[in-house]
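Below: one structure, written as structure tokens.
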Amino acid sequence: MTVREALSAMGRRWYVLLAIVLVFAGLSYLFYKDGGSYATQTTVTFTLPSRSTLLPESGSTDISIIAFAGAVATSINQGKPVETFSDANAPYYGAGVRQGVMVSLRNTGNQWISSFPSATIDIQIVGRTRQWVLDRQQEALKQIIDVTAAQQAATITPVSDRITATVEPLSTDIQHVTPGRSELTLAGAAMVLAGFITGCSAAVIVDRSIRSRRRRRALKGVDAPTPGARTGGRFA
């Protein structure tokens, strides 16, 4: 089919093209309304007994404290491995997660090399609503406090010598993550292009189908004997 024939088909079946474009426009609107997520990265730092996280000798960089924090995170994750990314600062929602919780020992390495510089547990949560994220955040913090206390109680560690888990106050904020104007523009342009291409293809296919059906009907009409025509020496 030539370009001229395709354009003629689209002109004859313009309503098909229009219908497809409207469908894509509706989908784009639904995607836009459903876009955005709520996210938080709450941190819990482990220190020596009654030590502030701001002190240089708080113990948060002590190997034994880091190992204890890792054991707490592993217990909460039930031994399951934690996902790692090529960039240590990559947010959880950046991996395409729309709803989920990830509890892990802070890792400043990457997906090939692990590096745990401090006894800090990161609680990364992504959800569709603020309330869902808040509920999961409270549950995760309670789990960390409970596991921390249970593991030290199991070793009969005196209360005065127990490791302290401190929640960083500023890290409990929940943010609403939405795409920027440039991302929305590119997404809209992509949807328009996809709708136009799909609509053009559908219009050509529908035009071919209708014209082919009409030709078959026309051929059947020509081949059918007319009343009074002679067949085999007799009138039909």
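The values are calculated or read from the model by the stated rules, or taken from the named source; none is laboratory data. Source: prediction; values computed, not measured. Methodologically, a virtual Cβ is constructed for each residue, glycine included, from the backbone with ideal geometry; neighbour enumeration extends over all protein chains shown. Only protein heavy atoms, including side chains, enter the accessible area calculation; ligands, DNA and RNA are left aside. Shrake-Rupley method; radii C 1.70, N 1.55, O 1.52, S 1.80 Å.
Counting only helical runs of four or more DSSP H residues, what would the 222 nm mean residue ellipticity of the chain come to if each run contributes -39,500 (n - 2.57) and the total is spread over all its residues? Let's see the in-between values first.
Values: 5 runs with 112 residues, N = 236.
Helices in the chain give a 222 nm mean residue ellipticity of -16500 deg cm²/dmol.
Over the chain, with the other protein chains present, what is the accessible area per residue in square angstrom, probe 1.4 angstrom? Let's see the in-between values first.
Details: 15440 Å² over 236 residues.
Value returned for the chain: 65 Å² of accessible area per residue.
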(Q) Taking 0.36 nm per residue of sequence separation and subtracting the Cα-Cα distance, how much length would be gained by fully extending the chain between E168 and E183, in nm to one decimal? (A) 2.2 nm
Q | Estimated D of the chain in µm² per second, where Rh is the Kirkwood radius over Cα pairs and Stokes-Einstein applies at 10 °C, 1.306 mPa s | A | 68
Q) Helix 14-33 sits at what angle to the longest principal axis of the chain, using alpha carbons and giving 0 to 90 degrees rounded to 10? A) 10
Q. For the chain, which span is the longest to avoid every loop-located (per DSSP) member of chymotrypsin sites (Phe, Trp or Tyr not before Pro) having at most 15 other Cβ atoms inside 10 Å?
A. 113-236
**Q.** Rounded FRET efficiency, nearest 0.05, which uses the C-beta distance separating K80 from L22 and R0 of 41 Å
**A.** 0.35
**Q.** Cα-based helix-to-principal-axis angle, 130-154 vs the chain, degrees rounded to 10
**A.** 40
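Name the trypsin sites (Lys or Arg not before Pro) in the stretch 25-116 that are in a loop by DSSP and that have at most 13 other C-beta atoms within 10 Å, would you?
Sparse-neighbourhood loop trypsin sites (Lys or Arg not before Pro): R98.
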**Q.** Max mean-square fluctuation residue, GNM over the chain, Cα-Cα springs under 10 Å, options G100, G79, G195
**A.** G79
Q: Compute log10 of I(q)/I(0) for the stretch 1-96 with the Debye formula, placing one identical point scatterer on every Cα and leaving out solvent, at q = 0.10, 0.13, 0.17, 0.24 Å⁻¹, to two decimals.
A: -0.59, -0.74, -0.98, -1.26
Q) Between R162, R213, R128, which gets the highest mean-square fluctuation from a Gaussian network model of the chain, Cα cutoff 10 Å? A) R213
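Per the 1.4 Å probe, what fraction of the accessible area of the stretch 136-178, in percent, lies on carbon and sulfur atoms? Present the calculation step by step, with values, prior to reporting the outcome.
Details: 1610 of 2740 Å².
In the stretch 136-178, the share of accessible area belonging to carbon and sulfur is 59 percent.
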Q: Starting from the Cα of I210, move 7 Å in the Cα-to-Cβ direction to define the label point; list residues of the stretch 1-20 whose amide nitrogen is under 13 Å from there.
A: 8-19
Q. With +1 on each Lys and Arg Cβ and -1 on each Asp and Glu Cβ, how big is the dipole of the chain about its Cα centre, in debye rounded to the nearest 20?
A. 2880
(Q) Within the chain, which is the longest segment that contains none of the GluC sites (Glu not before Pro) sitting in a DSSP loop with at most 15 other Cβ atoms within 10 Å? (A) 84-236
Q. Nearest 10 degrees, 0 to 90: what angle lies between the long axis of helix 181-223 and the longest principal axis of the chain (Cα atoms)?
A. 30
Q: Go through T120, T53, T155, T84 and list them by solvent-accessible area, largest first, probe radius 1.4 Å.
A: T155, T84, T53, T120
